[in-house]
Amino acid sequence: MRRSVFKAIKTVLAALSIVAVLSVALILEPAVKIYGYAELDVNRLNNIKKSLVIYGNNGASRLETADFTPIDRLNEYTIDAFLSAEDKRFYDHEGIDYARILSAVITDVKDRSFSQGASTITQQLIKNSHLSNQKNLSRKIQEIRLSRAVERIYGKKDILEMYLNILYFGNGIYGIGNAARNFFGKNVEKLSVKESAMLASIINNPTRYNPYNNYENLNKRTDLILKMMRSNGKLSETQYEHALAEQITIKAMSLYDKYKYFVMDEACKILGCTEEYLLHGNIKIYCNCDFDLQSKIANCLSRFDARCLQVIVIENNSGRIIAHEAKYDGDPCNIIRSPGSTIKPIVCYAPALEKGLILPITPILDEKTNFGDYKPSNYKNKYNGWVSCKYALKESLNIPAVKLLDYVGLDYAKEFASKMGIATSEDEGLSLALGGMKYGVTLKQLASAYSIFARGGMKKDCSYIKAIYMDDKLIYSAPENSEKVMSEDTAYFINEMLNECAKTGTAKRLNAKDFVLAAKTGTVGNDKGNTDAYCIAYTPDHTIGVHVMQTDGNITGGGMPTNIAKELIMSDIIRDKTFDIPSNIVKMDIDAIQYHNDQKIVAAKKSLPKKDRLTASFSSDRLPQPADERSDYEKGLEFFDMNNFTIVDSFGD
């Protein structure tokens, strides 16, 4: 009886095993359709042979190309380096190296991790051309199915050729031909054995083995790959020793590499595609890059040292971004940081001006103030008593900024900022006045918002790209639309206030002498020191944004960022043109004695001596009256004299 039961169990288990094996075989068979699973798209693979070309603003100079490199141009040892590093049994398997998978599984079980990839070159080609980078069982099964399908259609040489042209080498570089030119300044057929091993090293982890800032890591992995090549019989002992001893010089990064990042990022968003598709879609992009200015910015930044340095220049009239350089190791497109005090004109002063609550001359009380549980403070806990709104902004005082945001109302200020392109939907506290944001902003968003002031309140979509062609057919042209988001008066008053900031305020190093330059600085920090610093400066023609990201806590907006802005503005941006003054802006004298003693805005009598007068700007419908005819508005913002409020940290802009 026991034997018969045991025999039955064995039969059932055997049957189940057969079913399991057949099920796996069916799942991994690409000819079997599975709902929701990707199917092989040969067009994606064939498109790898197509290229991307980016042209500068004159339509002649190339900014970047992603040219296809035929495998016949490569030396045998270059191919051997990649095979030794990534797939030494490439010519022996049919897309899947089952022995390698088994070895990886055993290693993972022993290490109790899932670190072993075991992907063949064919699998990597599929992953880069068809699938996401998600690590899950479903994606792995699809990768295996598609890899088997590829091997049934293409020969090994074609697969290897496509793989080498779709590889990412970091620093915005795709394809072995581009990598050889960018890193070594030579064509692929001129690569040495060690240079070939270096390129094969980089693709394992482009950040860890970045030639520009992780050369030691790269050298160690290069030595390891050279050993593999020797062990695989691809190098003799003499060749191995010679390669080890070779001294490699890494070519300096192109001046325009970072602008390319921004162009490609914008193009992907416009077309709704991946970078890989963009690089191999037979696409031509005409961008707004001013090569001369971009070169000057790159050279300027080379003289400053920080974790990250960014400069963007916008042509105000057109909204074209004519330069954007970043001295930064990674992808600079999505650097999102707190804007610090550069947010004050956007969420505090401009909304208050637009609502008719203040003018630049309006007095506001700067004193220690608590706003419920929020207890901000000025830089070094210094308070100035009654000051004008113009003075408060040019000196970047914190208490007045928070008072204005509180009086304007958070909802109104956030809506106003949104119209200017600054998203604050997740920010609910008054700390927004000082840059306290959940997500922060990009430098492009910040500079684009300031360019609205320069345009008299008109918003334009600021862009890197003029036009995109695919297969020589126009598929995108940058729109030239504009939208009014604030009154001319509001924009003018901000320009006037920030002109004073560039003359005598936190951006005084710009030394603005005439009404041709406005600026605002910002500094962000914590209890360990300052981390970010900004200077956003603009003329009627251009807006320039400078962002410095540091770790030592010594930077301020009025320091390095302003020095960089000054060097670039004075040499390339400043023109004789001044800001337009709206027709309903009126300059009038007020009684300085009543203003300073009683915080009252009163029109100066004709008999008042010059020494007792102050000249200020007003809208024609909001002119100050003589003393006996004053409205509540001209009495000043006395409601700001609150003792039960408080503010955030100030970082010395």
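The values are calculated or read from the model by the stated rules, or taken from the named source; none is laboratory data. Nothing here was measured: the structure is a model prediction, and the numbers come from that model. Neighbour counts are summed over all protein chains in view; Cβ atoms, including those assigned to glycine, are modelled from backbone coordinates with ideal geometry.
Per-structure values
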{"read-out": "Some residue of segment 311-319 being of a type in the set (A, V, I, L, M), over 15 Å from I564 (Cβ atoms) and outside any loop (DSSP other than H, G, I, E, B)", "value": "yes"}
{"read-out": "Options L28, L63, L52: the member that is at pLDDT below 70 and either basic (K, R) or under 35 Å from the mean Cα position of the chain (by Cα) (or both)", "value": "L63"}
{"read-out": "Segment 268-309 - residue that is among the polar types (S, T, N, Q) and crowded, with 21+ Cβ neighbours inside 10 Å and, of those, nearest to L125 (Cα to Cα)", "value": "N288"}
{"read-out": "Within segment 580-611, tally of residues that are surrounded by 17 or more Cβ atoms within 10 Å (Cβ to Cβ) and among the charged types (D, E, K, R)", "value": "3"}
{"read-out": "Extreme residue, surrounded by the most Cβ atoms within 10 Å (Cβ to Cβ), among residues of segment 66-90 that are under 14 Å from S231 (Cα atoms) and of a type in the set (G, A, S)", "value": "A81"}
{"read-out": "Test: residue in segment 335-342 that is buried (at least 24 other Cβ atoms within 10 Å of the Cβ) and of a type outside the set (S, T, Y)", "value": "yes"}
{"read-out": "Test: residue in segment 630-646 that is modelled with pLDDT under 75, under 36 Å from the mean Cα position of the chain (by Cα) and surrounded by fewer than 19 Cβ atoms within 10 Å (Cβ to Cβ)", "value": "yes"}
{"read-out": "Pairs, first in contact (Cβ under 8 Å) with a residue 24 or more places away in the chain in segment 353-374, second surrounded by fewer than 18 Cβ atoms within 10 Å (Cβ to Cβ) and in a strand (DSSP E or B), C-beta under 8 Å, six or more apart", "value": "I361/L614; L365/G385; D366/G385; E367/G385"}
{"read-out": "So Y383, is it buried (at least 20 other Cβ atoms within 10 Å of the Cβ), among the aromatic types (F, W, Y) and either in contact (Cβ under 8 Å) with a residue 12 or more places away in the chain or not in a loop (DSSP other than H, G, I, E, B) (or both)", "value": "no"}
{"read-out": "Lone qualifier among L405, L430, L443, L393 - being of a type outside the set (K, R) and out of contact with any strand residue (DSSP E or B) (no Cβ under 9 Å at 6 or more places or on another chain)", "value": "L405"}
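Matching residues to (1) within 23 Å of the chain's Cα centre (by Cα); (2) farther than 18 Å from I71 by Cα; (3) among the charged types (D, E, K, R):
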residue: N182; (1), (2), (3): yes, yes, no
residue: E189; (1), (2), (3): no, no, yes
residue: S192; (1), (2), (3): no, no, no
residue: S201; (1), (2), (3): no, yes, no
residue: N204; (1), (2), (3): no, yes, no
residue: T207; (1), (2), (3): yes, yes, no
residue: Y212; (1), (2), (3): yes, yes, no
